[in-house]
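Data first, discussion second: the structure below is written as structure tokens.
The values are calculated or read from the model by the stated rules, or taken from the named source; none is laboratory data. Everything quoted here is computed from the prediction, not taken from an experiment. FYI the Cβ positions are ideal-geometry reconstructions off the backbone, even for glycines, and counts take in every protein chain you see.
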Amino acid sequence: MLKLKSVAIDTFKENVAYLHRDCPLYRTEGFQALMKIEIYIKGNGTPVLAVLNIVDDSSIVDINELGLSTQAFSQLGKKQGFKVSIAPAKPPVSLKAVHRKIAGECLNKNEFHYICQDILENRYSKMEIAAFLVACSHNGLEREEVFFLTKAMVESGKTLNWGESIVVDKHCIGGIPGNRTTMIVMPIVAAHGMLIPKTSSRAITSPAGTADTMEVLAEVELSIDEMQKVVQHHRGMLTWGGTAKLAPVDDILISVERPLSMDSTGQLVASILSKKIAAGSTHLLIDIPVGDSAKVHDNKEALKLRKLFEYIGDLFALHIEVVITDGSQPIGNGIGPALEARDAQQVLTNHKDAPVDLREKSLRLAGRILEFDPDVRGGQGYFIARDILESGRAHEKMQAIIQAQGKKAKDDYQPAFEYAVTAQESGYIHAIDNLKLAKIASLAGAPIDKFAGIDLAKKVGEQVNKGEILFTIYACFSSDFEFAKQLTEEGNGYTIKKEPLPKTDNYFI
């Protein structure tokens, strides 16, 4: 028997255990670093699984102790000093299916179900999860496999039922910095009276997710009961989906995708739709931005992705409309949670400095969603959305929802470091590299530091003179500031040419 000890290390959605090298069990029972173990409590037949690490420092774990990471200790639910026993874990049976996928074979419904269940029960290490993700990405998923994976991910957690025939939602596949349309669309739709219980994600590879940005203004980690209370009173919400345990396997997979910078097509569709189905959506608008530095580079690829979304949606009786939008540059001016929240608030308050592109795209998306309402004629949604925004009803609705979720105290913090990036030549801006600017903003500290990021001064199509500011970098720590600045010096992501670019306000392709 070993005494429990919390080593207070956040291993981010992975159970990790720590055993001293001189522990008699380690010496005699053949335990080795990175093997999986089962942790037993006397009288409880369900073990907690963890990946084993070996330590040599008795101040971390003594020879008669078993240390546990934050998540594992919380999952076990016992106090420090409680006695437990350990045993080598049996390899998950579903790992054979992963090996088959690595070999390029197709998997069936049961195999995806057992893989997801074993991942949920911490029977997979992050290395094994990475192997599964890489196999799905490299070898691809057939349409039926995407359906099986989506279904297995939905069944891994709770599902919500709002008791209404039309429950709307929207989702952008990502890849466009500053594209914070949800924070404008949601209150417009809720003010119209349609039900839009929006659960959003945190950033995977971007400088901010919608949940990260909303968190600047309000609490986003709400329980299901709290969510239902907000929606019941206000017809909408904007929360992080992770706390509601909706498709929780998706969150585990994302935690491995993030450091690998992976976002394969089949996994992307399964991830998005599993969350929407679990959240009780009946009608969904998908935004696919297309551009040279977007996730989707051309219309042919976008149409292929749209067909996959519609195919999987039909199998779940989920009404899906896909819009293909201009992803040639960032939307809005801010990149990073606080800056993006500022842009959204400017649009909602009809501020004179509100980004025109963010406002216009949000109105068009909101209009499409309003047309899910059988009482709204086709083509009228945009004008209804514009009236709701300009009348102040959308801002009033957003403020009520922020208050209901838990309003954050206003923080006027100014980042300690600031650097203006200027044009090296005069001309017209022909392109902005989304990936480059997202990387710079991430290196500056976003989204971990809410006030870090980039504020754009010039957009595609605008004329610029040599020495004019293109964008400003904000960072909270000197190391982040230097990393971001150094990357900018290697190239600022702007393409400037002598000839003007034809101006367009066509946000939909």
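Here is how the numbers come out for the structure above:
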item: Test: residue in region 455-464 that is at pLDDT 95 or above, under 24 Å from the mean Cα position of the chain (by Cα) and assigned to a loop (DSSP other than H, G, I, E, B); result: no
item: Selection count where residues are within 16 Å of ILE440 (Cβ to Cβ) and within 18 Å of the chain's Cα centre (by Cα), scope region 318-333; result: 1
item: Filter result (surrounded by fewer than 18 Cβ atoms within 10 Å (Cβ to Cβ) and out of contact with any helix residue (DSSP H, G or I) (no Cβ under 9 Å at 6 or more places or on another chain)) within region 86-109; result: LYS90, PRO91
item: Answer from LEU76, LEU95, LEU107, LEU68 - the residue that is at pLDDT 95 or above and in contact with a strand residue (DSSP E or B) (Cβ under 7 Å, 6 or more places away or on another chain); result: LEU68
item: Scan of region 122-139 for residues that are more than 25 Å from PRO88 (Cβ to Cβ) and either hydrophobic (A, V, I, L, M, F, W, C) or over 21 Å from the mean Cα position of the chain (by Cα) (or both), ordered by number; result: LEU133, VAL134, ALA135, CYS136, HIS138, ASN139
item: Hey, GLY104 in the same structural domain as VAL16 (by TED's automatic domain parsing) and at positive phi or not; result: no
item: Contacts under 9 angstrom Cβ, first residue in region 460-476 being exposed (fewer than 15 other Cβ atoms within 10 Å of the Cβ), partner part of a strand (DSSP E or B) and small (Gly, Ala, Ser), 6 or more apart; result: GLN463/GLY427; ASN465/GLY427; LYS466/GLY427; ILE469/ALA420
item: Residues (more than 20 Å from PRO415 (Cβ to Cβ) and in contact with an Asp or Glu (Cβ under 8 Å, 6 or more places away or on another chain)) located in region 312-355; result: ILE320, VAL322, VAL323, THR325, SER328, ILE331, ASN350, ALA354, PRO355
item: Options LYS198, LYS275: the member that is among the basic types (Lys, Arg), crowded, with 24+ Cβ neighbours inside 10 Å, in contact with a Leu (Cβ under 8 Å, 6 or more places away or on another chain) and in a helix (DSSP H, G or I); result: LYS275
item: Odd one out for ALA152, checked against (1) part of a helix (DSSP H, G or I); (2) modelled with pLDDT under 95; (3) crowded, with 16+ Cβ neighbours inside 10 Å; result: (2)
item: Test for VAL249: is it within 26 Å of CYS136 (Cα to Cα), under 17 Å from the mean Cα position of the chain (by Cα), modelled with pLDDT of 95 or more and crowded, with 24+ Cβ neighbours inside 10 Å; result: no
item: Region 233-246, residues that are modelled with pLDDT of 85 or more and basic (Lys, Arg); result: ARG235
